[in-house]
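The values are calculated or read from the model by the stated rules, or taken from the named source; none is laboratory data. All of these numbers come straight from a predicted model, not from anything done at the bench. Every residue, glycine among them, receives a Cβ derived from its backbone with ideal geometry; neighbour counts consider all protein chains shown. Ligands, DNA and RNA are stripped out before the accessible areas are found, and what is left, the full protein with its side chains, is counted by its heavy atoms. Shrake-Rupley method; radii C 1.70, N 1.55, O 1.52, S 1.80 Å.
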Amino acid sequence: VGSEMCIRDRSAGERMTWSLLDSLDETERRKVLSLARRRRFARGEVVFHESDPGNSMHLVDKGHFAVRITTPLGDVATLRIHGPGSYFGEMAVLSPAPRSASVVALGKAETLSLSESVVTDLRSQSAAVDRLLMEAMITEVRRLSGALVEALYLPAQKRVLRRLADLAETFGADAPGVSIPVTQEELAQLAGTTRPTANRLLRSSEDDGLLTIARGRIPTTNP
């Protein structure tokens, strides 16, 4: 059984918003959402596999999703975790190509899916929609550039702590209550290091009072 982070999920009944759609006016935003198809996923269910045709994008409404790839050595590595308000698959609807990674639901989860044909029609009808998708692509390129700089120049300890901060924000770690299936192995993958290195750094950070480690769970940051 893998280690888990224990923190609280989004409160029930809270209305979901997506920063991706912030630049649209209310009418345009409603139109985009009205054309989306709600999809529900069970824990461990695959949204799409690496190398599948890229024919849709997803707005995360509930739950969390892991982005995973198969390494050249045949191992599976977790690159990123998406939570409510996030989105994935947008590159595929801008430039259709096989999926570059697999996406898996970490628990019960829901998305609003927009097919490539729907997005193409929206882009042709609205300059604002076309612009927001281009901005999404630019944001992703900048994020990847930042990740590369971190991997090349930041020490492993800082990378591990930054990924912990990212996870805390993604899962809403302001109070205990929900066990989130993020293992120490996955944390190491997210930080671009090995599990022994991540474990050593976590223990060291615990000794420094930066976080606490519960038995059988990945560490949670202190308030």
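Points worth noting:
- Taking the protein heavy atoms of the range 60-165 in the context of the full set of protein chains, the accessible area attributed to carbon and sulfur is 59 percent at 1.4 Å.
- Spacing of the modelled spin labels on Ile69 and Arg142, each 7 Å from Cα toward Cβ, amounts to 2.2 nm.
- Partner lysines for Lys62 [C-alpha distance under 23 Å; skip if fewer than 8 residues away on the same chain]: Lys31, Lys108
- Theoretical gain in end-to-end length, Met16 to Arg30 [0.36 nm per residue, Cα-Cα removed]: 3.7 nm
- Extension gain, Leu152 back to Asp207 (0.36 nm per residue minus Cα-Cα distance, nm): 17.1 nm
- The residues packed around Leu154, meaning those with a beta-carbon under 14 Å from its beta-carbon, carry a net charge of +2 if Lys and Arg are +1 and Asp and Glu are -1.
- Take the range 26-156 with all the other protein chains still there, run a 1.4 Å probe, and you get 53 Å² of accessible area per residue.
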